[in-house]
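The values are calculated or read from the model by the stated rules, or taken from the named source; none is laboratory data. Just so it is clear, the model here is predicted, and its values are computed rather than measured. When we count neighbours, we look across all protein chains shown, and the Cβ atoms used for this are built from the backbone with ideal geometry, even at glycine. We work out accessible area using only protein heavy atoms, side chains counted, and drop any ligands, DNA or RNA first. Shrake-Rupley method; radii C 1.70, N 1.55, O 1.52, S 1.80 Å.
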Amino acid sequence: TFKIMILPFRMHTSLIIEDPSCFWVTMKGCGPYIVDEIEYKNLNAEMNQFYDKSCENVDEVKPVTLEKGQICVVFSEELKCWCRAVIKSIMYCAGHYQTECFLVDYAKYTIVKTKDVRVAMKAFMQIPYRAKKCRLHCTKPVTLRVNFCEDTAKIVPAQRWDNAATQYFQSLLKATTQIKAKLCAVEDNTFDVILYVTIKDEKVCINDDLVSKNFARFVETEEDTGSPAKDQENQTSLNVESFPVKIIDPTLAFRPVLFEEKVPMNLETGRNHVFQKQSNRQYELTREKFLGPTFTESYCWPPVARGCDVVAISHQGNDPFLYIPPVLTFLQSGSCYKALPNRNGPLALILCPGWKKAQLVFELLKTYGRCSRQLHPMLIILGQNKEEAKRVKIQGCDVIVTTPYSFLRLYEHNCLLFCRLCHLVFDEIEVLFSEATEQVFTILDCYKKTIITEEWEYLPHQIIAVGTHWNKHTARLIKEFMNDPYVVITAMEEASIYGNVHQMSFFLSVLIKLSVCESSVDQEHTKARSVVLLTENNICHALGILRYLKRAKAEIPLELHDFTARVLEAEEEKKFARPLCTYLKAFGICKNRTVCPDRHQINLQIDMLQNMPDKITQTSGCVTILPLHIVNATNYFGRIVDKQQDRYTTLAEEINEYFKETSNKIPIKKAEKLALYGLCEETLFHRVQVVETPPKEENLFFNVKIKYIDEGRTRQVQSSQLLHLPARFQHLPPQAVEFIVCRVKPIDNEIEWNPKVTHYIHHKIKGKPHEAKIVLALGNTLWIDPMVRVTRLSDLKMYVNEYSVRSEILSTGLGTDNPEHVTQLQKLYLQCHVILTMEDFLFLLGIVDFYPEIKCACSGDKLYLADMELHQYVLTEKSSCVIKDKEAAISLTKEKKGAWCKLLKKKNPHVSFDFEHWEDFEDKGPFPVGTKKLHCTSAVTEDLVESSDDSSVESDE
C-alpha cells in the first residue's frame, strides 16, 4: 500500500481525470516502482544545467530525426524547465513543424517547435518516470440499455465509461482529504490499483463504491477471488411507460431520439433517469409535431448517417434538420473514433453564415442531443480581439458550431482543431461562398491536409454541404475535396443549373400566338434545354427569372431587363408609405432590397423633421442626448436634453405629483388606438400611446401594445392598467427621438449586431447623458457622430471625454469601420426630385446651421462636399434648393439689399458657378440685389476648376 497524489491529466486544458481506467499519479512510499522526490529534484537541476549550457552548441544535442513515440527532452514554457518527454505527433503549422509532446514526469501535454527538441541523454534516463498511469483494478464500465419493445431497461457491460461515472469518480477525488492505493498488478506500464479515499473522516473504497452505485462492474481474475464485488451482470427491469411512435418512412431510423441511447445516472443516488429521458423524448417529438422526414430529408439522411460526403440543394436547404439527426446518429457510434488521437478537439464542425444561424443550430443540437450521448456542443463566436480567442477552451467538446471567420481566428491560437475532426458541415453553402469564399476554402484545405495521412485511412471523414442554390464554388468543393459524394438536388431549377442545361428565354406580348413561340424554339439541340416564356402577366415572376438566368449564365432578352427595372420601380412605389429601411439607416446599405418590405427612398411627408426642439436649429448640431431604450449597439431611443429649460423634466414631475393622489388614478373604460394614457411602472408614471389593440375585446382584461412616447420603447400591457391622462399633460409633443451612431458596422459581413456588443453598450450608456453632434436628420431620426460621454472634474473645474461610443464598439472586436455610411444616405437626398426650402434641405443634410457649410454637389456616383460660407447673410426661409436631373440648384435671397463684392468668404476650387441665369437685377454689380441662382453642375471634377474670364465676375480669391 502506498500514498498517491493525483496529477492533472490534460490536453492543453485543465482536465483532471480522463476516466476510472486512465488517470495519472505520483507515488509516495516504499517499493520497486517508487523513487524519492529528492532524486527527481536532483535530476531536474542536472538537466537544466546541462541543456542550458548546450545552447551554445545546439547541433550536438539536436536529434537527427524525429518520429512518433521517440523519447526526447524539451523545454516547457509553463514549467520553465527542461523535461523528459515522449513525442506524440508531428504537425505542420504556421510555416514550421511542431511536435506535441507528453511530459512523462508531469503528465502534461505541450507543443514545441521541432528545432527546440533535444536528445535524451542516457544519464538522464536512469530513474523511472515520475508520472504513473493507473486504472482501477478489475473495475469495468457498464451502461444502461433500454429495450422499448420489451418495456425494460438493464445494466450491461460497456466499452467506455459513461460520462456520469467519470464525473462521479472526479467528485470523489476532489472531495477527499487523503488518498491511498493498493498496487495489484502492472501491465503495459499501467498500474492496476484499488483506491481508498478519506471523505469527512470516512474511508471509502472507490472500486466498491462505483460498483455499488451501478457505475461499474467487478471482473474477477484468476488471482482475485475475494473481490470487492461479484462478477455478475446487474439487471434492472423497469416498468416504463411506453410512448408509441409511428415510423412513416424507413429513413426515420436515422433520427437518434427514437432509438437506443445511454441514460446518465444521478451522481448522488446512482438512480437511472429512465422516466426523465422518456418524458424528454415524448416532449420533443410532440412539440415539434414530427410525422416523418420530408422529401429531401428522405434522400439526405441515409448517406449522411452512413458517413458519406453529401451535397443537398433544396428549397428547404436552409433548414438544419437536413443534417442534424443523421449526424447525431453517427456520433453515437463511439467505436468509430477509438483510433483517433487522445486529445481535445471536436469530432464535428458546423459552419454557419452568421452568428444568428449558428445560435439556432446550437439550440437544436442541445434540444435533440438530450436523448443521446453527451456531445458537449460549443457555440463559438469570436471578434477581432486576439486575447478572446486565446481564452477559449474546448475541453471535452465533440461538436463546435461557429462561422468561418470565428473558426479561423480560433485556429490561429489552437493548431489542433483538425486533429480529431471527422465531420465538416457547411450550412447554407451558397451564402458561405458568397460572404466568406476565401475563409471556406482555407478551412477545406486544412481539413484535406489532415485526412490524407495514413492514420486517417480507416477513420471517418465526411463533408456535408446544404443550401438553397447551386453555386459555381460548389462544383469545386465536390471535385477537389469530396470523395464520391451523394448529390441531392430536389429543386428543378437548381438541377438545371447543376446539369448545365441550355437556357432559352423569350419575353412575349400577350397577343403573340403560341404557334409563333413554338416555331421560335423549334431548333435542333444535341443536349437538354429549358425554355422560359414570359409575358407582362408574369410580373411576380420576372425578378426571380432574371436572377435565375444570370446564375445560369444564359442570354437575357433586353426586354426582360427593361421590364424588370419597371417592376422594381413599381415595387418601391408600393413601399412608399412604409418606414425607411432599418438596415439602410443603420449601415447605409440594404443587402436584400428586392425582398426587404421597407422603403429605400425619401418620402417627405414621412421624413420631414418631427418633434425636434427649436433650439436645435439655432445650434451647430451639438446636443446633449439621453439614451433610454437600446435597440442594438448603434441604434437607441431617448431624449434631447435642453440644459437651460428642460420642459420634459418639469412635465414628468407634474405627472407624478398628479398621480400621487389616489382619486386621480382613473382607469380607462376603453382603449382607443393612438390615444394617450398614463401608466404606472414601478413607482413612476409615464405617458404612453396605444399602437395596437386586439381585433376582438373578449373581456375586460385584454392586452394592448403601447409605446412610451418619451422613451421610444414598446411593450404589451393589460388595458386595465391604463389611466386617464388629463389634456394639460398631452400638449408637450412626444420627446422620444431615434439616434443612430455613424460609421461603424458589424464585422464579417454580418447584418445584425452580435448580442454581446449590444449588451455591453446597453450597460455602458443607458440613462447617462452624452454629448453628440448631429450629422444627418430625417423624420424622427438623428444620425450622430461622434457620441461622447463627458465627465466633469469638479476639483479641477474642467471636463474630460470619458469615452466615445463608436470607439467602445470597435474595442469589442465585433465592430468595424463603415466610412461610406453617411455618404450613402446623403445620396438619397440627391435622388429626391422635389423642391425643398433651404432650411429643410440643410437640416436633411445634417447642416442644422446654415453657416458655415453646404453639402450639395454630385457628379455621377461621387458626392462633393463644399465649404460654402457666404460673404453675407441670407433669408433662409425664402431660399430654396431644387434637385433635378442629378444636379442641385440653390436659390438665395439676401437679408439686406445691396451689392456683394463676392459670393463666398472662401472660394472652393471644386465648385463652379453658372451665372447665366439672373432674376430681379438691381444693378450691374457682380452680385446684384435680390435672388440669384447658384448652380453646382454635374460636370464638376476633382481637378481644380477655374472661373471663366468671360463671366465678368471678380475673383473670389
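Just to be sure, is Val327 under 19 Å from Ile489 (Cα atoms), among the β-branched types (Val, Ile, Thr) and modelled with pLDDT of 90 or more? Step through it out loud before you land on a result.
On the way: under 19 Å from Ile489 (Cα atoms): no; among the β-branched types (Val, Ile, Thr): yes; modelled with pLDDT of 90 or more: yes.
Answer is no for this residue.
Do the conditions hold for Lys174, that is, is it open to solvent by 20 Å² or more (accessible area, probe 1.4 Å), modelled with pLDDT under 85, more than 30 Å from Asn42 (Cα to Cα) and of a type in the set (Lys, Arg)?
Numbers: open to solvent by 20 Å² or more (accessible area, probe 1.4 Å): yes; modelled with pLDDT under 85: yes; more than 30 Å from Asn42 (Cα to Cα): yes; of a type in the set (Lys, Arg): yes.
Here the answer is yes, as Lys174 does meet what is asked.
Output the residues belonging to region 13-72 that are of a type in the set (D, E, K, R) and either closer than 20 Å to Lys113 by Cα or at pLDDT 85 or above (or both). Steps first, answer last, please.
Here is the first cut: in region 13-72, the residues of a type in the set (D, E, K, R) are 18-19, 28, 36-37, 39, 41, 46, 52-53, 56, 59-60, 62, 67-68.
Selection gives Asp19, Glu39, Lys41, Glu46, Asp52, Lys53, Glu56, Asp59, Glu60, Lys62, Glu67, Lys68.
In region 489-587, which helices (runs of 4 or more DSSP H) lie fully inside it and hold 2 or more residues that are modelled with pLDDT of 80 or more? Reasoning before the result, please.
Values: elements: 492-498, 514-521, 539-551, 558-574, 582-587.
Those helices (runs of 4 or more DSSP H) span 492-498, 539-551, 558-574, 582-587.
Residues to consider are Ile655, Ile625; find the one that is within 23 Å of Leu776 (Cα to Cα), open to solvent by less than 30 Å² (accessible area, probe 1.4 Å), of a type outside the set (Ser, Thr, Tyr) and not in a loop (DSSP other than H, G, I, E, B). Give the steps one after another, and end with the answer.
Details: Ile655 fails: within 23 Å of Leu776 (Cα to Cα).
Just a single option satisfies the conditions, and that option is Ile625.
Going by the structure shown, is Val117 in contact (Cβ under 8 Å) with a residue 24 or more places away in the chain, farther than 27 Å from Met27 by Cα and within 41 Å of the chain's Cα centre (by Cα)? Talk me through it step by step, then tell me what you get.
On the way: in contact (Cβ under 8 Å) with a residue 24 or more places away in the chain: yes; farther than 27 Å from Met27 by Cα: yes; within 41 Å of the chain's Cα centre (by Cα): yes.
Here the answer is yes, as Val117 does meet what is asked.
Name the residues in region 197-239 that are of a type in the set (Asp, Glu) and modelled with pLDDT of 75 or more, would you? Show your work before the answer.
In the first step, residues of region 197-239 are kept if they are of a type in the set (Asp, Glu); the result is 201-202, 208-209, 220, 222-224, 231, 233.
Once the filter is applied, which keeps residues that are of a type in the set (Asp, Glu) and modelled with pLDDT of 75 or more, region 197-239 yields Asp201, Glu202, Asp208, Asp209, Glu220.
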Inset, instruction - Look through region 134-171, keep the residues that are out of contact with any Cys (no Cβ under 7 Å at 6 or more places or on another chain) and charged (D, E, K, R), and return whichever of them is surrounded by the most Cβ atoms within 10 Å (Cβ to Cβ). - result: Asp162
Inset, instruction - Considering only residues that are without any contact (Cβ under 8 Å) to a residue 24 or more places away in the chain and of a type in the set (Ser, Thr, Tyr), look in region 185-224 and name the one that is nearest to Asp19 (Cα to Cα). - result: Tyr196
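Could you tell me which of the residues Leu365, Leu351 is at pLDDT 95 or above and either open to solvent by 10 Å² or more (accessible area, probe 1.4 Å) or of a type in the set (A, V, I, L, M) (or both)? Show your work before the answer.
Details: Leu365 fails: at pLDDT 95 or above.
The conditions single out Leu351.
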Inset, instruction - Please list, ordered by first then second residue, the pairs with beta carbon atoms under 6 Å, 6 or more apart or interchain, first in region 589-604 and of a type in the set (D, E, K, R), second modelled with pLDDT of 85 or more and open to solvent by 40 Å² or more (accessible area, probe 1.4 Å). - result: Asp598/Arg578; Asp598/Pro579; Arg599/Arg578
Inset, instruction - Could you tell me whether Leu375 is over 24 Å from the mean Cα position of the chain (by Cα) and more than 24 Å from Thr468 (Cβ to Cβ)? - result: no
Inset, instruction - Grab the strands (runs of 3 or more DSSP E) fully contained in region 682-798, keeping just those with 2 or more residues being open to solvent by less than 60 Å² (accessible area, probe 1.4 Å). - result: 684-692, 703-708, 737-741, 744-746, 770-778, 781-793
Inset, instruction - Could you grab me the full set of residues in region 127-146 that are under 17 Å from Asn189 (Cβ atoms), of a type outside the set (Lys, Arg) and either in a strand (DSSP E or B) or free of Cβ contacts under 8 Å to residues at least 24 places away in the same chain (or both)? - result: Cys134, Leu136
Inset, instruction - Within region 452-499, track down each residue that is under 27 Å from the mean Cα position of the chain (by Cα) and either within 19 Å of Phe321 (Cα to Cα) or crowded, with 20+ Cβ neighbours inside 10 Å (or both). - result: Gln462, Ile463, Ile464, Ala465, Val466, Gly467, Thr468, His469, Trp470, Asn471, Thr474, Leu477
Inset, instruction - Enumerate the pairs (first residue in region 483-495 and among the hydroxyl-bearing types (Ser, Thr, Tyr); second residue anywhere and open to solvent by 100 Å² or more (accessible area, probe 1.4 Å)) with beta-carbon separation below 7 Å, excluding pairs fewer than 6 apart on the same chain, so at least 6 apart or on different chains. - result: Thr490/Phe295
Legend entry - Whichever residue in region 409-436 is in contact with a Leu (Cβ under 9 Å, 6 or more places away or on another chain) and under 21 Å from Asp817 (Cα atoms) and, among such residues, is surrounded by the most Cβ atoms within 10 Å (Cβ to Cβ): Arg409
